[in-house]
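See below for the structure under consideration.
The values are calculated or read from the model by the stated rules, or taken from the named source; none is laboratory data. Bear in mind that the values here come from a model prediction, so they are computed numbers and not experimental data. FYI the Cβ positions are ideal-geometry reconstructions off the backbone, even for glycines, and counts take in every protein chain you see. Side chains are part of the model used for accessible areas, which takes the heavy atoms of the whole protein and leaves out ligands, DNA and RNA. Shrake-Rupley method; radii C 1.70, N 1.55, O 1.52, S 1.80 Å.
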Amino acid sequence: MIRFTPPRTARLRPLVACIGLGLVLTSVCRAEDPEPPLGVNVLENTFKWRPNYVSDDMLLHADKDANNWLHYGKDYQNTRFSALTQITTDNVRKLVPKWNLSFGVNEAQDSQTTVINGRVFVTASQNKVFALDGVTGKMLWKYERSLPGDLGPKLCCDAVNRGVALYKDMVFMATLDTHVVALNSTTGAVVWEKKMGDYKTGEIYTSMPLVAKGMVIVGNSGGDVGGNVGRITALNPANGEVIWETKTRPTSADHPQAKTWANDSWKTGGASAWLTGTYDAKTDTVLWGVGNPTPDFDPSVRKGDNLYSNSTLALDASTGKIKYHFQYTPNDSWDYDGNNEVIMVDDEKGRKVWVHGDRNGHLYSIDRTNGKCNWVVPIARVNWVTGFGDNCRPIVNPDKVPRYDKVVTDIAPILDGGKEWHPAAYSPRTKMVYVPFIDSSMDIQAKKTEWKHGEWFLSSRVLKANPYTGGVKAFNATTGEQVWTRPQSTPATSGLLATAGKLVFSGDAEGWFSAMKDDTGEEMWRFNVGSGIHGNPTTFTADGKQYVAIVYGPGGGSLLPLIYDELFKRNNRGGGLMVFGLSD
């Protein structure tokens, strides 16, 4: 700290100089004269140079910031839409790799970049974090977490991580060994870490935190392994202290929703909160998805709606209190979850809605002021329902419910979906929502299983994947009408990116990274990154140039390992980040 008392004969000039120093240094200028220049006795500035600083205002207006990628879904609206226009339908064929980072690991890579002012942050499996120069790919620092040796059997879906959140001068990651870690964004040094639970129960963390209203909010995994209760937790970013926590199902018999779980089945009911939610600043509401009840494939032991499984919860951002919910699949018998993202749209009828593509095979428009359903349409082939009742409540086809005495065949969609966790995108330019879809079915036979601490709790004797296809579909976000489809021979295994350059970017299980026209789905460009793509595309600028990034590396949960087993006969493992730009 600089303290400056100017001499009596030169009071004004040094004071002005000190004001100038205040722009770059922490300084205090004091004038002891009873009549100091400018009438100011103490000039003080606590500003410190923090080149990667992310403010609340930046997060709130990320939808108007074309250069950076600050949220999981680009903005609080979750659109995954970028206003950048350097790369367009006219020049996308000139897109070439600019640099590549090998993660040095072979597990599934579910991550994506987070970018501020040309500095790229990305995670890899095994809870690695890399800070990189966006132009050259030069590694600025890396963090490698030491994970417990007995963690592997507790992982549902490989050793994945879906990215880091940025806030102020810190980087936040939720870890497989059930911690949240805060790192200095400039150096990578650990600022603090908070233990959230015990991985030995099967509870882990895999997804990017949400920063909203000055809090770091995380959701847990661990329903399928251990039947752990879902938890959505808001932390103080300065020290990791818990501000509030909301559980996604009953934890006591007097809970209002305990009656929706027969025979106290809520005790081992799962319903984890394993994907990143979002924040509606206008209503001060956090929107967060909830996963499947457990055991996954034996609904007979947990009759009832099993709330709040398979739902989107609307939470008061200040307290975590549940305002309302919408449940997509009551008494889920097929592991369809309800975690998938919601995209906030003001549609062409003036309705404030969220659009949600669910693993149960349907696309929904939900009024985000009250949780009422506007419409529901199929994404691909669906046969587990025969129709819908009030408020889009599904009418279940009894012939497609798993049972003990026989294998129930050709249940559509397969447990991956419909639409897996890989996020959709929305373009305000076309008013369309773009959905990565899967078209497949499964055969299931249930079996009686006793819950055991920290072990898988599926209750399935037979679980068979039938042939897969998939691709990308575009739907009118106001009506739900399908506008176009771009099918492929493999299931959709990456998130999507829409841009003002009239493009939609997508990756697939064979390693093809593609760009297509946003109004027709016509493919304009593609490049094979050398390994299957399971992460999400993003775009940003560095030194005034637009780049497009994709995380690659095959694997993951659900029945995808069965698919990749076949693909690996002509494809290689390997994880990394590849960044593209226009050729010089």
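Values (1) 25.0, 99; (2) 24.8, 89; (3) 30.2, 95 are given for comparison; Rg and Dmax of the Cα atoms in Å, derived from the coordinates here, is the one labelled (1). Using Cβ point charges alone (K and R +1, D and E -1), the dipole size of region 469-529 about the Cα centre works out to roughly 60 debye. The share of accessible area on the chain that comes from carbon and sulfur is 50 percent, using a 1.4 angstrom probe. Sparse packing (at most 13 other Cβ atoms within 10 Å of the Cβ) combined with a DSSP loop state is found for the following trypsin sites (Lys or Arg not before Pro) in region 438-474: LYS448, LYS452. State whether region 288-397 is rounded, prolate or oblate according to the following rule on the C-alpha gyration tensor (a ≥ b ≥ c being the square roots of its eigenvalues): a/c under 1.5 gives rounded; otherwise a/b larger than b/c gives prolate, and the remaining case gives oblate. Oblate, since a/c reaches 1.5 and b/c is not below a/b. Here the sum of -39500 (n - 2.57) over DSSP H runs of 4 or more residues, divided by the residues of the chain, equals -1000 deg cm²/dmol at 222 nm, to the nearest 500. A simple count of charges around LEU503, restricted to other residues whose Cβ falls under 9 Å of its Cβ and scoring Lys, Arg +1 and Asp, Glu -1, yields +1. Looking at the chain, the accessible area is 37 square angstrom per residue; that uses a 1.4 Å probe and ignores ligands, DNA and RNA. Taking 0.36 nm per residue of separation and subtracting the Cα-Cα distance, full extension of the segment from GLU241 to MET58 would add 63.5 nm. Counting only DSSP beta bridges with both residues in the chain, the antiparallel share comes to about 95 percent.
Would you please classify the overall shape of region 413-550 from the alpha carbon gyration tensor, given that a ≥ b ≥ c denote the square roots of the eigenvalues, rounded means a/c under 1.5, and beyond that prolate means a/b larger than b/c while oblate covers the rest?
Prolate.
For the chain, the longest principal axis of the alpha carbon atoms and the long axis of helix 12-21 meet at an angle near 20°.
For a Förster distance of 45 Å, can you work out the FRET efficiency between the beta-carbons of ALA281 and TRP375, rounded to the nearest 0.05?
Here the calculated transfer efficiency is 0.95.
A straight Cα-to-Cα reach below 29 Å connects LYS194 with the lysines LYS48, LYS74, LYS128, LYS142, LYS154, LYS168, LYS213, LYS247, LYS267, LYS321, LYS323, LYS452, residues fewer than 8 places away in its own chain not being considered. When only the Cβ of Lys, Arg, Asp and Glu is charged (+1, +1, -1, -1), the dipole of region 213-270 relative to its Cα centre reaches about 120 debye. Note on the chain: with charges restricted to the Cβ of Lys and Arg (+1) and Asp and Glu (-1), its dipole about the Cα centre is near 620 debye.
Annotation: for a label point projected 7 angstrom from Cα along Cα→Cβ of VAL96, residues of region 504-538 with backbone N closer than 20 Å are 513-515, 524-530.
Taking a ≥ b ≥ c as the square roots of the eigenvalues of the Cα gyration tensor, region 47-112 is oblate, since a/c reaches 1.5 or more and a/b is not larger than b/c.
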